[in-house]
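Okay, structure first, notes after.
The values are calculated or read from the model by the stated rules, or taken from the named source; none is laboratory data. Being a predicted model, the structure only gives us computed values, none of them experimental. When we count neighbours, we look across all protein chains shown, and the Cβ atoms used for this are built from the backbone with ideal geometry, even at glycine. In case anyone asks, the SASA skips ligands and DNA or RNA and just uses the protein heavy atoms, side chains included. Shrake-Rupley method; radii C 1.70, N 1.55, O 1.52, S 1.80 Å.
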Amino acid sequence: MNACLVAGCGVLLVVVAFWVKGLEEKPGSAPLVTGSAPATPSRTAPSLWLDARLGTEPEPAPLPAPVEAWMPPVQAPSSGGGRVFGVDLAGNLKLDERMRVAMENLVVLTPPERLANVLDEQLAGLPPKAAAAARDLVVRYQGYEQAQKLSSSSAKAPLVPEEGLAELDELRALRSSYFGEEVARRLYGEEEAVTRRLLELMRDDPVPDAPMEEKAVRAQARYDAQR
């Protein structure tokens, strides 16, 4: 299936999920026994990640926005299952949205009591630097996931597109605080761009008083036409 068609089919679900529930809450997961997310995360990603990834290869080609609201179900990774983490030619951890979705599935679908062991299986065979970066990334994602549930964006669904855009900015800032601005862009950039564009189209809807669902349908059509 054409990549643009895949993205177009999913964008309406992206904004509907964002609109109705704010941010999709995930089942709770126990902290990894290997560590915990920083209590006061820095807005700069640790040098472990930056040295392991940034500037080591050209910017990856854009990917279709892989959003949980329309991703097909997957099985929790286990021994012999799909590999979540990858490395570049230099042996450094690769950071992109495809890996981020796989990592989310790893954390969400793996029973908390097995997560540490499954992560060890996933990291087996990776270069030490990439394995350490991947482990740190998972721990920070767990901290981000918990903070996301406590943020104002998760408290209620936005009533107008302007509120949705404000909450998207808040979410982006939260991601930057846990992963660093550049790493957060690599992990969430395409998804954020699709959601922002749809909310902007809903804000500029020709029928201002129309229900949000109708605005979302028209935004979908306009988005597809623009692509």
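Output the residue which, of all residues in the range 139-161 that are touching a Ser or Thr at 6+ places or on another chain (Cβ under 9 Å) and not polar (S, T, N, Q), is farthest from Phe85 (Cα to Cα). This residue is Ala147. The residues in the range 121-153 that are part of a helix (DSSP H, G or I), open to solvent by 40 Å² or more (accessible area, probe 1.4 Å) and of a type in the set (A, V, I, L, M, F, W, C) can be counted, and the count is 2.
When the residues of the range 65-86 are filtered to those that are surrounded by fewer than 20 Cβ atoms within 10 Å (Cβ to Cβ) and farther than 25 Å from Ala193 by Cα, which remaining residue is modelled with the highest pLDDT?
Ranking the candidates gives Arg83 first.
Val118 satisfies every condition listed in (1) open to solvent by less than 20 Å² (accessible area, probe 1.4 Å); (2) over 30 Å from Val87 (Cα atoms); (3) assigned to a helix (DSSP H, G or I) except (2).
Val207 passes every criterion in (1) under 15 Å from Leu95 (Cβ atoms); (2) hydrophobic (A, V, I, L, M, F, W, C); (3) outside any helix (DSSP H, G or I) apart from (1). Taking each residue of the range 111-131 that is under 20 Å from Ala90 (Cβ atoms) and looking for partners that are open to solvent by 60 Å² or more (accessible area, probe 1.4 Å) and outside any loop (DSSP other than H, G, I, E, B) with beta-carbon atoms closer than 9 Å, six or more apart or interchain, yields Leu123/Arg135; Lys129/Asp51.
Of the numbered conditions (1) modelled with pLDDT under 95; (2) assigned to a helix (DSSP H, G or I); (3) open to solvent by less than 70 Å² (accessible area, probe 1.4 Å), Leu187 fails exactly one; give the number of that condition. With (1) modelled with pLDDT under 95; (2) assigned to a helix (DSSP H, G or I); (3) open to solvent by less than 70 Å² (accessible area, probe 1.4 Å) applied to Leu187, the lone miss is (1).
Count of the range 154-173 residues, restricted to those that are surrounded by 18 or more Cβ atoms within 10 Å (Cβ to Cβ) and either more than 18 Å from Glu200 (Cβ to Cβ) or over 13 Å from the mean Cα position of the chain (by Cα) (or both), is 4. Answer with yes or no whether Asp204 is surrounded by fewer than 14 Cβ atoms within 10 Å (Cβ to Cβ) and within 24 Å of Val138 (Cα to Cα). Taking the combined requirement at face value, the residue does not satisfy it.
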